[in-house]
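Here the structure is laid out as structure tokens; the discussion comes afterwards.
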Amino acid sequence: MIETFLNAAILKAAWPILLAGLGNTLALSLLVVPLGLAGGVVLALLSTVRVQWVRWPLMAWVDFFRAFPPLVLLIFLYAGLPFAGLEMGGFGCVAVAFFLNTGAYYGEVLRAGIESVPAGQIEAARSTGLSRLQALAHVVLPQAVRNVMPDLLSNTLEVVKLTSLASVVALPELLFQARQAQSLTYNPTPIVAAAVIYFLLLWPVVRLLSRLENRALAGRR
Amino acid sequence: MTPPAATPIVRATAIHKHFGALHVLKGVDLEVAERELVFVIGPSGSGKSTLLRCLNRLEEPSSGSVVVDGIDLLDPRTDINHARQRIGMVFQSFNLYPHMTALGNVTLALRKVAGRGRAEADAIGQAALARVGLADRAGHMPAQLSGGQQQRVAIARAIALEPRVMLFDEPTSALDPELVGSVLQVMRELRESGMTMVVVSHEMGFARAAADRVLFMDEGMIVEAGPPAQIFAAPAQERTRAFISQIKHH
Amino acid sequence: MGNWDRFVETFFNAKVMAKYWPDILSGLFVTIELAALIVVTGLIAGLALALLRSLGIRPLNWLIVFVVDLFRALPPLVIIVLIYFGLPSVDLVPSGFVSTWISLALVLMAFAEEIFWAGITAVPRGQWEAARSTGLSFGQTLLGVVLPQALRITIPPLTNRTIAITKGTALGSVVAVSEILGQASSAVSNSYNPSPLTLGAAAYLVLFLPVVVLGRWIETRFAWKR
Ligand SMILES: Nc1ncnc2c1ncn2[C@@H]1O[C@H](COP(=O)(O)OP(=O)(O)O)[C@@H](O)[C@H]1O
Ligand SMILES: [Mg+2]
């Protein structure tokens, strides 16, 4: 059993390949998380505009990308758009797909955060002469972020996990590298090793989240 | 006691406010002279807060005009953010920013709207906190302060901008009784320094001692106005009398 | 105008769509079947784990927490690939369908356990004590008093999680499941035209958009208030 699933010789041979994959997974995460957050902040700020012709398209946009499986979005960009002469490459496709998909999720989380800040906060800020945008940026958003920290973190965990989709468009991140190594060695050890790496990387986050969520719940009862 | 001076600091004329079908302000006229303290009383829901909020355009009047310190607030060309710096407001629920220190609360608008540098803003903020007796609490977060202290920080936040007029919306209603005095004391000192003030409150003792005029509002209108002694002791209107006696027996 | 025609010709090609829509439709049914299996088994397994955890047996709880953490931390695609490409090495050969089902059910189980457990612990102690003081057994209290209250507050987060995980059925295309995306992708390579992907995208929206809107409604309806 151990021979098959965690073969030392194969692990040793595959190690550099996996490490390179891990590096790319981390780099990809460092790109797509800020990208998605930026998209989310824009969506959340737009959601504070109380004008119907902003609100409805915004909600439709968010729901559209929440309903659309991210892999379908990615494949559409990667395999569909080239037919229209738009070739973005695997990396460009991943960046755009994540911006759209995770932006919508971050947007929802931040919107809930903004709504959790009492209206008196904006009024106090406006009464001292801050503009709407200044009040949102300096007074509301910092409180909103703090209020939904567990959800933001949970979403970020999902985004990092989601970077494994990039393997489908041949970006050499951890899962892709593991599958390469597996097909070369005819042995599942590299994939098991990749899973272990993912787990060791993300377990602390899961633990932290579990604590934060329990604390939030205790506060609510 | 004296009638408003020739050029009042606040001149609100024929203010109407509708919330959908609800007619909340029904033609209110209000003039406040320089250094005057106008005290507003009236039953809950009579439109006191709405009137106050129309005076700095937190609420958009449906019609009428509001001129503060010579600035027409409802003119679309008016830079409302600039104008609001001259109109301080203190809320019933303090509304301190919980993620900033007391000093941070006081200096935010100084830096972002008045364009002061950090050092200068901090100096002004410290002075404002000193005026409300909280110089030693500058580094505290709102959650570390008592209700009375929080409300005094909120007052400091407003006076740091050197407003021409201050609006108080039930500043002591959310406070435990033993903390009310410190806030009223600060308000009294403000008044003595010559600040023009409009105060919505139920603190009759404060009104007797410090108010120039008392307005009684009911159902969106100013029913009666006069010096505190007259309004409290000998109101002309039946509605005012009923309200006063109700308050007294509280 | 010419550009627009070319765009329509490319992404909304009537001839291609006419030829491949039955494929996409069969893919839709596979997706629905897969999704239904995942939701039912995942939620039941999650609830079972949460109930087991409420028994308060230390070593068992450590195990449950570890399993939950494991499937929260691993990317679903990694689990699918692991089962599909790994198990054959020990002469277990699950199909792509079964691999996807098991993987996503395990992920949903983990998230559901976490949410159910949170719901159970959110019910005040007094509820337990009141029920036990009237002579109800542990099981009767749990099932009759605590769980109904817990379920109510778990509904919004559970709905959102279930939708998000169920969307993962598209990952099955990576291990040759002929669900919507799989069908659409092979149709694209057969027809040299992306219209089947458009159809597939539409199929996903038809399937998931109502669920997302429903989730939004539930969220406002059952908000964390008392
Ligand atoms: N934003 C609003 N939308 C709808 N109705 C409001 C709003 N603000 C105040 N009102 C209504 O206007 C009336 C006057 O309110 P307010 O000015 O707060 O009274 P007061 O401060 O004298 O208690 C009340 O009936 C209140 O319900
Ligand atoms: Mg009021």
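The values are calculated or read from the model by the stated rules, or taken from the named source; none is laboratory data. What you see is a predicted model; the values in this text were computed from it and never measured. Virtual Cβ from ideal backbone geometry, glycine too; neighbours counted across all protein chains shown.
Structural remarks
- You will find that of B:V28, B:V90, the residue that is within 16 Å of ligand 2 (Cβ to nearest atom), over 29 Å from B:T107 (Cα atoms) and at pLDDT 95 or above is B:V28 and no other.
- Qualifying residues in segment C:169-204 (those that are more than 9 Å from chain A (Cβ to nearest Cβ) and of a type in the set (V, I, T)) - the one surrounded by the most Cβ atoms within 10 Å (Cβ to Cβ): C:V177
- Filtered residue count, segment B:34-69, keeping only those that are within 15 Å of ligand 2 (Cβ to nearest atom), farther than 12 Å from B:M221 by Cα and more than 14 Å from chain A (Cβ to nearest Cβ): 2
- In the set A:A137, A:A124, A:A144, only one residue is of a type outside the set (D, E, K, R), assigned to a helix (DSSP H, G or I), without any contact (Cβ under 8 Å) to a residue 12 or more places away in the chain and within 14 Å of chain B (Cβ to nearest Cβ); that residue is A:A137.
- Among the residues examined, B:V199 qualifies as within 16 Å of ligand 2 (Cβ to nearest atom), crowded, with 23+ Cβ neighbours inside 10 Å and touching a residue at least 40 places away in the same chain (Cβ under 8 Å).
- Residue match in segment C:16-25 (condition: within 22 Å of the chain's Cα centre (by Cα), within 13 Å of another protein chain (Cβ to nearest Cβ), more than 28 Å from A:S183 (Cβ to Cβ) and not small (G, A, S)): yes
- Some residue of segment A:126-146 being surrounded by 16 or more Cβ atoms within 10 Å (Cβ to Cβ) and in contact with a Gly (Cβ under 7 Å, 6 or more places away or on another chain): yes
- Residue within segment B:83-98 that is in contact with a strand residue (DSSP E or B) (Cβ under 7 Å, 6 or more places away or on another chain) and in a helix (DSSP H, G or I) present: yes
- Scanning segment A:6-15 for residues that are in a helix (DSSP H, G or I) and either modelled with pLDDT of 90 or more or more than 24 Å from A:L162 (Cα to Cα) (or both) turns up A:A8, A:A9, A:I10, A:L11, A:K12, A:A13.
- Residue in segment B:75-85 that is more than 12 Å from chain A (Cβ to nearest Cβ), acidic (D, E) and either more than 30 Å from B:T7 (Cα to Cα) or within 16 Å of ligand 2 (Cβ to nearest atom) (or both) present: no
Yes or no, residue by residue, for (1) within 19 Å of B:R35 (Cβ to Cβ); (2) within 15 Å of the chain's Cα centre (by Cα); (3) surrounded by fewer than 19 Cβ atoms within 10 Å (Cβ to Cβ):
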site	(1), (2), (3)
B:R191	yes, yes, no
B:G205	no, no, yes
B:A209	yes, no, yes
B:P228	yes, no, no
B:Q237	no, no, yes
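- Residue within segment A:101-113 that is surrounded by 18 or more Cβ atoms within 10 Å (Cβ to Cβ) and within 14 Å of chain B (Cβ to nearest Cβ) present: yes
- Some residue of segment A:32-44 being among the aliphatic types (A, V, I, L, M) and more than 24 Å from A:V140 (Cβ to Cβ): yes
- Sole residue being modelled with pLDDT under 95, in contact with a Lys or Arg (Cβ under 8 Å, 6 or more places away or on another chain) and not basic (K, R), chosen from B:L161, B:L179: B:L161
- For segment B:161-174, taking the residues that are more than 17 Å from B:S44 (Cβ to Cβ) and crowded, with 20+ Cβ neighbours inside 10 Å, the one that is nearest to ligand 2 (Cβ to nearest atom) is identified as B:L167.
- Condition met for C:P124 (surrounded by fewer than 13 Cβ atoms within 10 Å (Cβ to Cβ) and either free of Cβ contacts under 8 Å to residues at least 60 places away in the same chain or out of contact with any strand residue (DSSP E or B) (no Cβ under 8 Å at 6 or more places or on another chain) (or both)): yes
- Unmet criterion (only one of (1) away from ligand 1 (no atom under 16 Å from the Cβ); (2) more than 25 Å from B:R191 (Cβ to Cβ)) for B:F19: (1)
- Every residue from segment C:90-101 that is among the hydroxyl-bearing types (S, T, Y) and either touching an Asp or Glu at 6+ places or on another chain (Cβ under 8 Å) or surrounded by 18 or more Cβ atoms within 10 Å (Cβ to Cβ) (or both): C:S99, C:T100
- Segment B:25-67 - residue that is of a type in the set (S, T, Y) and surrounded by fewer than 18 Cβ atoms within 10 Å (Cβ to Cβ) and, of those, farthest from ligand 1 (Cβ to nearest atom): B:S65
- Criterion applied to B:V106, B:V113 was being more than 8 Å from every other protein chain (Cβ to nearest Cβ), under 21 Å from the mean Cα position of the chain (by Cα) and in contact (Cβ under 8 Å) with a residue 12 or more places away in the chain, and the one residue passing it is B:V106.
- Subset tally (residues that are without any contact (Cβ under 8 Å) to a residue 40 or more places away in the chain and more than 7 Å from chain C (Cβ to nearest Cβ)) for segment A:66-80: 2
- Of the residues in segment A:34-44, at least one is away from every other protein chain (no Cβ under 13 Å), in contact (Cβ under 8 Å) with a residue 60 or more places away in the chain and more than 26 Å from C:V211 (Cα to Cα).
- Positions within segment C:205-218 being in contact (Cβ under 8 Å) with a residue 40 or more places away in the chain and facing another protein chain (nearest Cβ under 9 Å), in sequence order: C:L207, C:F208, C:V211, C:V212, C:G215
- Just one of the numbered conditions (1) more than 20 Å from A:F5 (Cβ to Cβ); (2) facing chain C (nearest Cβ under 8 Å) is not true of A:Y198: (1).
- Residues of segment C:196-219 satisfying the condition of being at pLDDT below 90 and not aliphatic (A, V, I, L, M): C:G215, C:R216, C:W217, C:E219
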